[in-house]
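Visitor: Structure in structure tokens, see below.
The values are calculated or read from the model by the stated rules, or taken from the named source; none is laboratory data. Here the structure is a predicted model, which is why all the values come from computation and not from measurement. No Cβ is skipped: glycine too gets one built from the backbone with ideal geometry, and neighbour counts run over all protein chains shown. Each accessible area value is taken on the protein alone, full model and side chains, heavy atoms only, with ligands, DNA and RNA left out. Shrake-Rupley method; radii C 1.70, N 1.55, O 1.52, S 1.80 Å.
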Amino acid sequence: MKGKLKLTLSLFITFFKIGLFTFGGGYAMISQIKESVVEKNEWLSEDELLEIIAIAEATPGPIAINMATFVGYKKCGVLGSVFSTLGVVLPSFIIIFIISMFAESFKKNEYVKFAFLGIKAAVAFLILKTGVNMFIKMKKKPYGLIAFSIVFISMILFELFAVSFSAVYFILLGGIAGIVIYSILNIGEKEKEK
């Protein structure tokens with residue numbers, strides 16, 4: 001019991017730090033979560049984290065909160081999920097509460113505007129880095145690469161032609177592409193076995 005409480009507290013502190021020091025929302029947090037959960041604490045494997053990212057993106061709510069909840073649950077059940085979720089949410093709540101008290105003076109401060117321009121560039125890099133790392137670590141099976149290509153090309157075409165699509169539709173498109181491609185390849189493999 002003592003070990004479980006220690007791990008629960010460790011989950012809270014880890015996700016509190018992630019929530020406190022990561023700007024740019026959930027996608028920017030993915031690389032920090034990976035570093036803390038996979039590399040530093042070895043709570044999950046790379047493959048387990050990729051599965052959690054897919055589930056967290058497909059379920060309602062912000063991806064970072066969903067990831068914290070899933071990681072906490074995987075390590076310590078319901079108590080772990082509660083403390084991980086509180087850890088990642090509390091810093092934003094506290095910071096937003098403090099900023100709301102001084103909102104007008106923040107808006108007028110030019111240094112704050114300049115800081116946010118730099119933060120936006122850093123966040124874009126973190127999101128890109130996370131995507132590239134996920135692609136590199138992804139198992140390179142034919143149907144996975146084909147599904148990735150279909151979804152990636154679709155995303156680029158939708159952006160080029162200014163088609164507004166929710167992230168949910170991209171996830172569904174990826175799932176459908178995976179089912180279709182896997183079914184086709186699976187039928188082909190069964191025919192070869194005959």
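Visitor: Condition first: β-branched (Val, Ile, Thr) and closer than 10 Å to Phe12 by Cα. Now tell me which residues in segment 61-84 satisfy that.
Guide: Val82
Visitor: For segment 44-57, indicate whether the set of residues that are surrounded by fewer than 21 Cβ atoms within 10 Å (Cβ to Cβ), closer than 21 Å to Leu90 by Cβ and without any contact (Cβ under 8 Å) to a residue 40 or more places away in the chain is non-empty.
Guide: No, because not a single residue in segment 44-57 is surrounded by fewer than 21 Cβ atoms within 10 Å (Cβ to Cβ), closer than 21 Å to Leu90 by Cβ and without any contact (Cβ under 8 Å) to a residue 40 or more places away in the chain.
Visitor: Now for a different question. Name every residue in segment 13-39 that is touching a Phe, Trp or Tyr at 6+ places or on another chain (Cβ under 8 Å) and open to solvent by 50 Å² or more (accessible area, probe 1.4 Å), in order of residue number.
Guide: Gln32
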